[in-house]
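Before any comments, here is the structure.
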Amino acid sequence: MRALIVFESMFGNTGELARAVAEGLTAAHVQVDVVEVCHVDREDLAGCDLLVVAAPTHAFSLSRPQTRADAVKKGADPVNAETGVREWLSTLDHAFDATVQAPAVAVFDTRVEKVRHLPGSAARRAARVLTRQGLVLLGRPVSFLVAGVKGPLMTGESQRARAWGQGLASALSEARPTGHIF
C-alpha cells in the first residue's frame, strides 16, 4: 500500500507531525511520501491508497493568504505562505476519475493548546471539503497540540502522531483487505 501525506506548516510543527505519522505508517509496512503542499503535483496522487492532509489551524479553520501573511510577520518562512491546503484542496475537484483511483483520506491539524476546546478546526474544515468531493474519510479528523503559535509541540504529540499513523495503516488494511476500492 502507498500513502501520500500533504502538509502545510508555517513554523515546522505540522511538518514534524507529518513525518511522525509517516514513521507510524512506515512501521506498518506502508510506502509513504511526505510532500509540502506547495510542492505536491497531481501525479503524486496516482496509485495512492491513502491521502493524509495536514494543516495548522488559523482563525479556527484552514489558513488563508492573510493568516499566512500574519504568520510571516511573526517569523514564519515566506516560502511557506505561498500556497495553503485550502487552495490546494480546491484543485482536487475532479482529480479522481477512471484514470486516477480515489484514495481513502485522513486529516489532522495542529492547534494551540490553550484554545483546544474552542470550535473550529483546520482538520474538520478539510474533512468537509474532501467529503464534498466524494472522498471517503478513514476515521475522524484529529488535532495535535502546540504550546503556542510558533510551538513547540506539546509533550507526547509526536508519539501520538506515530501511533495514529500505525492505526491508519491498520484501518486501511481492514478497509481494503484485497486492494479493492471502497
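Which entry in (i) 149; (ii) 182; (iii) 99 is this structure's computed volume of the Cα convex hull per residue in Å³?
Given (i) 149; (ii) 182; (iii) 99, the structure-derived one carries the label (iii).
Calculate, for Asp33 and Val115, the FRET efficiency according to 1/(1 + (r/R0)^6) with r their C-beta to C-beta distance and R0 45 Å; round to the nearest 0.05.
Step by step, r from the Cβ atoms, then E = 0.90.
Give me the extension gain from Glu43 to Ala171: residue separation times 0.36 nm, minus the current Cα-Cα distance, reported in nm with one decimal.
43.6 nm
Under 8 Å for C-alpha pairs, at least 6 residues apart: give me the relative contact order for the chain, rounded to a whole percent.
Across the chain, relative contact order equals 28 percent.
For the chain, what is the mean residue ellipticity at 222 nm derived from helices alone (per DSSP H run of n ≥ 4: -39500 (n - 2.57); sum divided by total residues; nearest 500 deg cm²/dmol)?
Rounded to the nearest 500, it is -10000 deg cm²/dmol.
Every read-out reported here was derived from the displayed coordinates using simple, explicitly stated rules and does not represent laboratory data. In this text the structure is predicted, and so the values were computed from the model without any measurement. So basically every Cβ, Gly included, is an ideal-geometry build from the backbone, and we count neighbours across all protein chains shown.
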